[in-house]
Amino acid sequence: MWDRREPERLEQRIRVDRDGTVTALSGKIDFGQGLRTAFAQIVADELDVPIERVNMVLGDTDQVPFDFGTFGSHSVAQEAPLLRKAAAFARRQLIARASTKLGVSGEKLDTDAGAVVGRGKRVLYGELIDSEPLAGVIPDRVALMPETRRKYAGRPTPHVEARDIVTGQATFVADVRLPNMARGA
């Protein structure tokens, strides 16, 4: 089996923009099996943001970390734990930043719908980004969101790209044509 030698870095997996939008990155490709939705559910739950605020970037080799491939119905099993840990680590960093900004102990803070809250105070994730993006090596162990607080994972959710699929606007990897693109057979 392929062995990851380089540690996973948060900035390769999760970005929080100043408007509070979350971009999550994966090398997996959605061939219509719903990966974009499944991954968005996981990230939304761990970061405690509405799923509409999660933008999944899949397979864009200019942006995503190296991936071994999308095959054999293993994508969710392989990628979900990595995305979950990355999002949980991002949440932990946001709480730490809010602790400093608000002057409130991190243990007294929590998250709610894209904001860190506690002691009657609320600071939106976008306000915590300033000029420093979230970054660092994702630890092997990071506290995950308790299952009782998850709103999306394991629950029926319309595909986040459903409108694009039914209107023909969705782009799948087989649709991509690049200048000077080589094809093999």
*When the accessible area of segment 91-161 is computed with all protein chains present and a 1.4 Å probe, what percentage of it is carbon and sulfur?*
51
*asked:* For Lys121, Lys28, give me the order by solvent-accessible area with a 1.4 Å probe, most accessible first, ignoring ligands, DNA and RNA.
replied: Lys121, Lys28
*With labels modelled as points extended 7 Å from the Cα through the Cβ direction, what inter-label distance (nm, one decimal) is found for Val57 paired with Ala77?*
2.9
*Can you tell me how much longer the chain between Glu6 and Thr100 gets when fully stretched, taken as 0.36 nm per residue apart minus their C-alpha distance, in nm with one decimal?*
30.8 nm
_Computed label-point distance, nm, for sites Ala143 and Glu107 using a 7 Å Cα→Cβ extension_ = 1.0
*asked:* Can you tell me which lysines have their Cα less than 20 Å from the Cα of Lys85? Leave out same-chain residues fewer than eight positions away.
replied: Lys28, Lys151
_Can you sort Met56, Met181 by solvent-accessible area, 1.4 Å probe, largest first?_
Met181, Met56
*In terms of Cα to Cα distance under 16 Å, which lysines are near enough to Lys121, apart from those fewer than 8 places away along the same chain?*
Lys101, Lys108
_Solvent-accessible ranking of Asp17, Asp175, largest area first, probe 1.4 Å_ = Asp175, Asp17
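The values are calculated or read from the model by the stated rules, or taken from the named source; none is laboratory data. Note that the coordinates shown come from a computational prediction; the quantities given were computed from them, not determined experimentally. Cβ atoms come from the backbone with ideal geometry, glycine included; neighbour counts cover every protein chain shown. Heavy atoms of the whole protein, side chains included, go into the accessibility calculation; ligands, DNA and RNA do not. Shrake-Rupley method; radii C 1.70, N 1.55, O 1.52, S 1.80 Å.
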